[in-house]
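A quick write-up on the structure given underneath.
The values are calculated or read from the model by the stated rules, or taken from the named source; none is laboratory data. As the structure is a prediction and not an experimental result, all values here were calculated from the model. Here the Cβ is made from the backbone with ideal geometry for all residues, glycine too, and neighbour counts use every protein chain on show. Heavy atoms of the whole protein, side chains included, go into the accessibility calculation; ligands, DNA and RNA do not. Shrake-Rupley method; radii C 1.70, N 1.55, O 1.52, S 1.80 Å.
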Protein chains: 2
Amino acid sequence: MTVVEDRRSRRTRGALRDALVSLVLERGYAAVTVEDIVAAADVGRATFYTHFKDKEALYDHVVASVLQELKERLAQVLAPEDAGFTGQPVAEVFRHAAEQPDAYRMILRGEGDGRGLRALEDAWGTTAHEIFSARVKANAVRPRVDLQVLARAWVGEQMAVLLWWLEAPEPRPATDQVVETLVELSRRGRLWATGFDSDPR
Amino acid sequence: MTVVEDRRSRRTRGALRDALVSLVLERGYAAVTVEDIVAAADVGRATFYTHFKDKEALYDHVVASVLQELKERLAQVLAPEDAGFTGQPVAEVFRHAAEQPDAYRMILRGEGDGRGLRALEDAWGTTAHEIFSARVKANAVRPRVDLQVLARAWVGEQMAVLLWWLEAPEPRPATDQVVETLVELSRRGRLWATGFDSDPR
DNA sequence: CCGTTTCTGGACACACTGTCTATGATCGTC
DNA sequence: GACGATCATAGACAGTGTGTCCAGAAACGG
């Protein structure tokens with residue numbers, strides 16, 4: 001087995017990936033046919049089926065690639081035992097998304113009947129859970145809220161803001177600024193953002 | 001034009017709606033065909049097309065029905081000028097979702113390429129924005145965070161938790177308890193949930 | 001350069017779609 | 001309970017996209 005893929009395969013797969021993503025963003029996943037994809041990628045239809053079983057397999061391949069990269073990045077950021085709350089992991093996700101905004105938009109919009117969305121949610125949620133666990137351990141306290149729920153909530157918030165950010169017209173607000181806002185919300189709560197620091201009632 | 005729909009139409013449409021939702025939850029939207037739907041609903045295939053243009057139209061109809069109901073409910077809860085933060089609107093959404101959990105699960109999972117998800121996000125987000133605006137006005141402060149972003153984040157958080165709640169094995173945790181947790185997170189921030197009240201960075 | 005791998009168009013059976021028509025069943029109403 | 005209006009239905013139809021196969025052409029890496 002060769003280490004590096006045949007150039008033709010590489011080119012073909014890349015073209016198919018790009019074609020899928022851009023067509024889905026344009027028309028929606030359901031409205032995209034394999035024939036559309038091969039036409040956009042300028043590839044023979046028979047060729048498609050030598051690489052992927054069907055449209056779904058190509059979609060899953062794209063999602064898996066993105067998640068694989070993301071996991072590797074997050075692993076690096078999380079390496080130093082970091083019970084503080086620097087927002088590093090969040091920033092890393094935003095940076096990654098900025099590098100391939102289209103794929104992220106496809107996933108976050110829920111294209112593909114939300115399969116990519118759920119996969120991203122799981123991957124991100126696992127990281128979130130680890131962060132919260134470390135924090136609880138470091139503070140030696142009993143968590144006030146079930147950590148699974150907390151992780152879900154946190155991830156849901158971030159994914160929503162990430163999608164908003166990716167869909168915003170360019171030039172987008174600076175990554176650091178958005179991340180800083182998210183961290184502040186986690187730190188002080190949402191009421192802080194619309195009123196006084198200590199809220200009566 | 002008659003006020004009440006013909007009984008036959010009502011029955012047929014209801015059966016189609018239920019069939020779509022349960023099939024989608026079982027196999028995923030893309031894997032469900034019109035033939036499957038009419039078989040499950042025990043309706044002739046020709047009949048389907050007298051009511052809906054295609055599968056997508058049926059899906060949109062279901063989503064629109066849910067959102068319509070939700071809007072009416074939220075309007076009632078929001079009627080009293082309520083700048084406090086009672087969590088009433090959130091509780092109302094959870095109650096509504098508990099009444100038709102399957103439709104909500106279909107939507108929140110992102111089935112239908114996320115179209116329902118986006119529609120729900122918009123409806124809910126509008127309400128959220130109104131709530132935050134009222135609060136900012138009541139406190140006569142300049143919001144620290146763009147209210148659109150804030151609304152997005154809030155809604156994202158709640159939708160994530162709602163889905164978790166709906167997918168949880170029965171008996172589900174009590175609505176009030178989950179809502180109370182969400183309100184607390186908004187009030188004090190997420191760090192509070194995993195540590196001490198005043199957190200040193 | 002040569003053996004291997006990939007690409008390709010065209011043909012095929014198949015599943016599902018969306019439309020139409022004629023007939024029978026069920027409705028609301030008087 | 002009878003009647004006109006509306007709805008449900010089976011079956012036929014052409015059309016579109018799918019997934020598989022093949023044999024020849026092209027591009028690859030060593």
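Some notes on this structure:
- Helix A:7-27 vs. chain A, principal-axis angle (Cα, 0 to 90°, nearest 10): 60
- Simple spin-label estimate for A:Arg10 and A:Glu69 gives 1.5 nm between the two label positions (7 Å along the Cα-to-Cβ direction from each Cα).
- Interface size A-B, as summed buried accessible area [1.4 Å probe, Å², nearest 100]: 4700
- Surface composition of the protein assembly as shown: carbon plus sulfur atoms contribute 49% of the solvent-accessible area (1.4 Å probe, protein chains only, all chains present).
- For the pair region A:28-52 / region A:103-156, the C-alpha centres are spaced 33 Å from each other.
- Placing a pseudo-label 7 Å from each Cα along the Cα-to-Cβ vector at B:Asp146 and B:Ala98 gives an inter-label distance of 3.6 nm.
- Two-site label geometry, B:Thr175 and B:His61: point separation in nm, points 7 Å out along Cα→Cβ: 2.7
- Across region B:9-112, Cα pairs under 8 Å and at least six residues apart give a relative contact order of 33 percent.
- Between A:Ser133 and A:Ala39, the contour length at 0.36 nm per residue exceeds the alpha carbon distance by 29.0 nm.
- A simple count of charges around B:Thr12, restricted to other residues whose Cβ falls under 13 Å of its Cβ and scoring Lys, Arg +1 and Asp, Glu -1, yields +3.
- Ellipticity estimate at 222 nm from DSSP helix runs (n ≥ 4, -39,500 (n - 2.57)) divided over chain A, nearest 500: -23500 deg cm²/dmol
- Sequence of B:Arg17, B:Arg109, B:Arg27 from largest to smallest accessible area, 1.4 Å probe: B:Arg27, B:Arg17, B:Arg109
- Using C-alpha pairs under 8 Å with a sequence gap of at least 6, the mean separation divided by the residue count of chain B gives a relative contact order of 19 percent.
- Mean-square fluctuations from a GNM of chain A, with a 10 angstrom spring cutoff on Cα atoms, peak among A:Arg144, A:Arg105, A:Arg187 at A:Arg144.
- Reachable aspartates and glutamates from B:Lys55, criterion Cα separation under 15 angstrom, eight or more residues apart if same chain: A:Asp113, B:Asp18, B:Glu35, B:Asp36, B:Glu111, B:Asp113
- Gyration tensor verdict on the protein assembly as shown (Cα atoms; rounded if a/c is under 1.5, prolate if a/b is larger than b/c, oblate otherwise): oblate
- Relative to the longest principal axis of the Cα atoms of chain A, helix A:147-167 runs at roughly 60 degrees.
- Position A:Val34: other-copy label points at 2.2 nm, ordered by increasing distance, label point 7 Å along Cα→C-beta.
- Chain A: translational diffusion in µm²/s, Stokes-Einstein, Kirkwood Rh over Cα pairs, 25 °C, 0.890 mPa s: 129
- Alpha-carbon Rg with Dmax, taken over region A:1-47, Å: 12.0, 38
- Computed with a 1.4 Å probe over protein heavy atoms only, the accessible surface of region B:9-165 comes to 44 Å² per residue.
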